[in-house]
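Visitor: Below is the structure I would like to discuss, written out as structure tokens.
The values are calculated or read from the model by the stated rules, or taken from the named source; none is laboratory data. Remember, predicted model here, so these are calculated numbers, not experimental data. Quick reminder, even Gly has a Cβ in these numbers, built from the backbone with ideal geometry, and neighbours come from all protein chains shown.
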Amino acid sequence: MRFSNLFGKTLKEIPSEADTLSHQLLLRAGMIQQVAAGVYSYLPLGWRVLRKIEQIIREEMDKAGGQELMLPTLQPFELWEESGRYPSFGKTLFTVTDRREHRLVLGPTHEEVITELVRRYVQSYRDLPLLLYQIQNKFRDEPRPRGGLLRVREFIMKDLYSFDVDEAGLDTSYQKMLQAYKNIYSRCGLSAVMVEADSGAIGGKESHEFMLIAETGEDEIICCSNCDYAANVEKAWSVKHELEKKTPLTVEEISTPNIKTIEEVADFVGVPTSHTLKAVFYSADDELVFVVIRGDMEVNETKLKNLLKCSELRLATEPEVKAAGLVAGSASPVGLKGIKIVADDSITLGSNFIAGANKPDTHLKNVNYSSDFNVDLIADIAVARLGDSCPKCNGKLLSSHGIEVGHVFKLGTFLSERLMAYFLDRNGASQPIIMGCYGIGLGRLLAAAVEQNHDDKGIIWPMTIAPYHIYLCPLRLENSDVAETAEKLYQDLTSANLEVLFDDRDESPGIKFNDADLLGIPLRLTISPRALENQSIEIKWRKESQVQLVPLKEITSITKELLESHSEAV
RNA sequence: CGGGGUGUAGCGCAGCCUGGUAGCGCACCUGAAUGGGGUUCAGGUGGUCGCCGGUUCAAAUCCGGCCACCCCGACCA
């Protein structure tokens with residue numbers, strides 16, 4: 001490709017809309033262009049990267065036994081009512097109305113459509129297992145798109161769906177995909193970690209995410225310093241420290257004027273916050289829920305939401321709390337009636353707690369679970385704490401930020417049951433198909449690759465996904481030696497099946513070198529009068545600073561060897 | 001949806017407070033010089049100042065409404 005013909009232009013200044021690094025670099029390199037909030041065009045260079053990622057994913061899916069197909073973007077709205085997932089997706093569903101006033105959904109994911117397809121063709125256990133996938137645009141009306149390509153409303157996703165006869169089959173499919181995913185990230189030159197995850201709106205039980213560790217990542221990952229335990233903070237748990245159990249004493253009222261927060265209460269009484277019970281109020285599908293947790297812990301809303309099986313969970317507003325007759329700052333589960341009470345199991349790991357009294361400026365001491373109050377539900381709903389013990393090995397837990405670049409789910413049978421996807425087993429009994437689904441966002445992966453591979457000059461593409469392999473950079477094009485050598489080299493390298501971006505522009509060396517660095521092409525060949533006098537050409541890796549001279553005669557073969565050995569190394 | 005911010009040429013910005021019909025840098029076009037890390041000089045193209053309405057002799061500027069985009073929170077590949 002001749003740079004002079006290339007559509008797109010590099011920018012010296014950072015567009016003001018971008019403050020995420022990958023977003024800035026991709027815009028400056030002329031690889032993407034914003035069309036609306038969370039909606040982007042890919043320009044030729046960006047699209048080349050995307051297609052390389054796509055091809056790697058396709059190869060790994062095929063290798064794992066996947067069959068590629070293509071499902072429509074438009075989906076009947078009724079399908080979402082049938083599957084029961086409409087409420088959990090809610091406003092993130094983009095819907096359109098056709099001329100007959102029928103509602104259609106722009107597919108945010110395709111479990112419904114593919115399950116309906118599969119149920120027509122699968123009647124017997126002999127038709128299974130199946131791994132079906134597609135690479136296609138998805139639409140989600142995200143509440144807040146952000147970070148350029150990191151979180152958008154229209155995005156290209158690879159989604160694979162597995163269909164098995166039993167749990168063992170699902171395990172096999174799941175393992176195949178985990179391996180395929182690991183292969184994909186490593187072939188893209190990226191280091192991803194697999195973490196336990198919550199399955200959210202997709203549904204199902206077991207789920208893992210693949211995270212690229214990056215400061216800008218939206219997700220918090222909890223991992224063990226000692227073993228391989230790693231989980232999204234939404235899912236993570238830590239071993240809770242149990243307090244010394246004392247003989248339960250009788251509840252007593254104490255006066256606590258103007259004392260409201262847990263810290264104030266603990267200070268006032270002279271105990272650590274772990275000796276108090278904290279009350280938090282939520283609205284779960286518009287029902288007020290009273291949550292109790294030990295004072296030194298925080299409520300994990302994802303866990304709470306799963307426990308309550310509700311589709312919308314938020315902190316209750318002050319008016320709602322008042323309307324329920326609760327006293328903010330002194331609310332108590334003791335003697336509370338008519339409100340659902342949910343507790344974290346930490347309230348059993350201690351005794352004689354300080355709690356509210358449901359009276360202003362008053363608290364209770366010596367409050368004990370089960371003797372002084374009861375709850376409707378009790379489970380682990382706490383945020384895992386750093387420094388606490390790992391649930392697997394007792395090592396210390398650490399945290400880091402990550403970008404979610406893949407998510408896999410064991411769906412089980414809830415969708416196949418609702419959508420009537422059954423098969424006959426060996427014994428002639430009708431069974432629901434066991435499903436799994438496995439997604440990768442390609443644009444996000446591309447952006448994450450930039451987040452992980454750049455310096456202050458620009459992008460440093462891993463060889464396997466670089467838009468071009470070689471940046472052919474002649475200096476002083478008015479010198480006929482340089483011009484002729486460059487033209488010939490461009491022909492030779494291209495004929496050798498190497499991907500070359502030929503900077504044939506009459507620009508200053510500074511502009512060319514800076515653009516080469518910004519675009520992040522792995523290998524740069526510089527042709528200059530100076531080096532030509534010695535019958536040689538300069539060669540430089542983007543990620544290194546040394547320049548090497550290579551004899552002109554051998555340049556094509558040496559370049560080819562270099563690139564090949566480099567690709568294998570990845 | 002709640003909180004904060006921004007909209008002036010393709011990009012980055014100034015002008016707005018104190019109304020008088022738009023300016024700088026980059027990019028782009030022409031010419032000349034230059035030539036190893038965004039080179040210099042000269043000349044030039046490009047804007048209904050986000051939109052609608054109001055005030056005024058006169059609005060980028062003042063007032064009202066709307067819209068778009070970005071950032072922080074509830075969601076996800």
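Visitor: Here are some conditions: (1) in a helix (DSSP H, G or I); (2) modelled with pLDDT under 95. A:E17 meets all but one. Which one does it not meet?
Guide: The number of the failed condition is (1).
Visitor: A further question on this structure: Report, ordered by the first and then the second residue, all pairs with beta carbons closer than 6 Å, sequence separation of six or more or different chains, a first member in the range A:1-16 that is under 13 Å from A:K457 (Cα atoms), and a second member that is of a type outside the set (D, E) and not in a loop (DSSP other than H, G, I, E, B).
Guide: A:T10/A:L518; A:L11/A:R28; A:I14/A:Q24
Visitor: In the range A:15-32, how many residues are touching a His at 6+ places or on another chain (Cβ under 9 Å) and near RNA strand B (Cβ under 7 Å from one of its atoms)?
Guide: Our first condition is that a residue be touching a His at 6+ places or on another chain (Cβ under 9 Å); within the range A:15-32, this holds for A:15, A:17, A:21-22, A:25, A:32.
Still in the running and near RNA strand B (Cβ under 7 Å from one of its atoms): A:15, A:17.
Summing the residues that are touching a His at 6+ places or on another chain (Cβ under 9 Å) and near RNA strand B (Cβ under 7 Å from one of its atoms) in the range A:15-32 gives 2.
To keep it simple, each residue is scored yes or no on (1) out of contact with any Lys or Arg (no Cβ under 7 Å at 6 or more places or on another chain); (2) within 16 Å of RNA strand B (Cβ to nearest atom).
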{"position": "A:K410", "(1), (2)": "no, yes"}
{"position": "A:L415", "(1), (2)": "yes, yes"}
{"position": "A:R418", "(1), (2)": "yes, no"}
{"position": "A:D425", "(1), (2)": "yes, no"}
{"position": "A:M435", "(1), (2)": "yes, yes"}
{"position": "A:G443", "(1), (2)": "yes, yes"}
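Visitor: Restricting attention to the range A:150-177, and to residues there that are within 16 Å of RNA strand B (Cβ to nearest atom) and either in contact with a His (Cβ under 7 Å, 6 or more places away or on another chain) or of a type in the set (D, E, K, R) (or both), which single residue is farthest from A:G30 (Cα to Cα)?
Guide: At the first step, the residues of the range A:150-177 found to be within 16 Å of RNA strand B (Cβ to nearest atom) are A:150-162, A:174, A:177.
So of that shortlist, the ones also either in contact with a His (Cβ under 7 Å, 6 or more places away or on another chain) or of a type in the set (D, E, K, R) (or both) come out as A:151, A:153-154, A:158-159.
Numbers: A:R151: 19, A:R153: 21, A:E154: 20, A:K158: 25, A:D159: 28 Å.
Per the criteria, the residue is A:D159.
Visitor: Can you tell me which residues in the range A:424-463 are surrounded by fewer than 20 Cβ atoms within 10 Å (Cβ to Cβ) and over 30 Å from A:A214 (Cβ atoms)?
Guide: A:L424, A:D425, A:R426, A:N427, A:G428, A:A429, A:S430, A:Q431, A:P432
Visitor: Next question. Residues in the range A:309-328 that are buried (at least 18 other Cβ atoms within 10 Å of the Cβ) and closer than 20 Å to A:I259 by Cβ: how many?
Guide: 3
Visitor: Let me ask something else about it. Would you mention how many residues in the range A:231-252 are aromatic (F, W, Y) and over 38 Å from the mean Cα position of the chain (by Cα)?
Guide: To start, the set of residues in the range A:231-252 that are aromatic (F, W, Y) comprises A:237.
Restricting the remaining residues to those that are over 38 Å from the mean Cα position of the chain (by Cα) gives none.
Looking only at that region, the number is 0.
Visitor: Return the total of residues in the range A:155-214 being of a type in the set (D, E), closer than 22 Å to A:L442 by Cβ and surrounded by fewer than 22 Cβ atoms within 10 Å (Cβ to Cβ). So that I can check it myself, show each step before the final result.
Guide: Step one: of the range A:155-214, the residues of a type in the set (D, E) are A:159, A:164, A:166-167, A:171, A:196, A:198, A:206, A:209.
Checking the rest, the ones that are also closer than 22 Å to A:L442 by Cβ come to A:159, A:209.
Still in the list and also surrounded by fewer than 22 Cβ atoms within 10 Å (Cβ to Cβ): A:159.
So the answer is 1.
Visitor: Test each condition in (1) within 30 Å of A:A466 (Cβ to Cβ); (2) surrounded by 20 or more Cβ atoms within 10 Å (Cβ to Cβ); (3) within 10 Å of RNA strand B (Cβ to nearest atom); (4) not polar (S, T, N, Q) for A:E142 and report the one that comes out false.
Guide: (2)
Visitor: Going by the conditions given, is A:V292 more than 16 Å from RNA strand B (Cβ to nearest atom), surrounded by 21 or more Cβ atoms within 10 Å (Cβ to Cβ) and either modelled with pLDDT of 90 or more or within 29 Å of A:S330 (Cβ to Cβ) (or both)?
Guide: So A:V292 passes the test.
Visitor: Tell me the residue from A:F3, A:F7 that is farther than 18 Å from A:F155 by Cβ, more than 24 Å from the chain's Cα centre (by Cα) and away from RNA strand B (no atom under 13 Å from the Cβ), please.
Guide: Values: A:F3 fails: away from RNA strand B (no atom under 13 Å from the Cβ).
None of the other options fit; the residue is A:F7.
Visitor: Can you pull out the residues in the range A:526-554 that are assigned to a strand (DSSP E or B) and more than 8 Å from RNA strand B (Cβ to nearest atom)? Can you show your working first?
Guide: Initially, the range A:526-554 is screened for residues assigned to a strand (DSSP E or B), giving A:526-527, A:536-541, A:548-551.
Residues satisfying the conditions are A:S536, A:I537, A:I539, A:W541, A:Q548, A:L549, A:V550, A:P551.
Visitor: Further question on the same structure: Conditions: (1) in contact (Cβ under 8 Å) with a residue 12 or more places away in the chain; (2) not in a loop (DSSP other than H, G, I, E, B). A:Q55 meets all but one. Number of the miss?
Guide: (1)
Visitor: Residue by residue through the range A:168-193, note down the ones that are closer than 18 Å to A:M211 by Cβ, small (G, A, S) and part of a helix (DSSP H, G or I).
Guide: A:A180, A:S186
Visitor: Looking at the range A:213-231, is at least one residue of a type in the set (F, W, Y), closer than 17 Å to A:G439 by Cβ and either in a loop (DSSP other than H, G, I, E, B) or touching a residue at least 12 places away in the same chain (Cβ under 8 Å) (or both)?
Guide: Step one: of the range A:213-231, the residues of a type in the set (F, W, Y) are A:229.
With closer than 17 Å to A:G439 by Cβ added as a condition, the list becomes none.
So far as the range A:213-231 goes, no, none of its residues is of a type in the set (F, W, Y), closer than 17 Å to A:G439 by Cβ and either in a loop (DSSP other than H, G, I, E, B) or touching a residue at least 12 places away in the same chain (Cβ under 8 Å) (or both).
Visitor: Of all residues in the range A:492-525, how many are in a helix (DSSP H, G or I) and within 11 Å of RNA strand B (Cβ to nearest atom)?
Guide: First, pick out the residues of the range A:492-525 that are in a helix (DSSP H, G or I): A:492-495, A:509-519.
Filter once more, keeping what is within 11 Å of RNA strand B (Cβ to nearest atom): A:509-519.
The qualifying residues number 11.
Visitor: Can you pull out the residues in the range A:464-486 that are within 32 Å of the chain's Cα centre (by Cα), crowded, with 21+ Cβ neighbours inside 10 Å and assigned to a helix (DSSP H, G or I)?
Guide: The one that is within 32 Å of the chain's Cα centre (by Cα), crowded, with 21+ Cβ neighbours inside 10 Å and assigned to a helix (DSSP H, G or I): A:I465.
Visitor: Additional query: Could you list all residues from the range A:253-304 that are assigned to a helix (DSSP H, G or I) and more than 29 Å from the chain's Cα centre (by Cα)?
Guide: Residues satisfying the conditions are A:I262, A:E263, A:E264, A:V265, A:A266, A:D267, A:F268, A:V269, A:T273, A:S274, A:H275.
Visitor: Within the range A:40-50, restricting attention to residues that are surrounded by 14 or more Cβ atoms within 10 Å (Cβ to Cβ) and either without any contact (Cβ under 8 Å) to a residue 12 or more places away in the chain or under 25 Å from A:D141 (Cα atoms) (or both), which residue is farthest from RNA strand B (Cβ to nearest atom)?
Guide: Result: A:W47.
Visitor: Restricting to the range A:88-125, and then to whatever is free of Cβ contacts under 8 Å to residues at least 24 places away in the same chain and in a loop (DSSP other than H, G, I, E, B), can you tell me which residue is nearest to A:M70 (Cα to Cα)?
Guide: So in the range A:88-125, the residues free of Cβ contacts under 8 Å to residues at least 24 places away in the same chain come out as A:95-101, A:120-121.
Of the ones still in play, those that are also in a loop (DSSP other than H, G, I, E, B) are A:98-101.
On the way: A:D98: 22, A:R99: 25, A:R100: 26, A:E101: 26 Å.
Ranking the qualifying residues of the range A:88-125, first place goes to A:D98.
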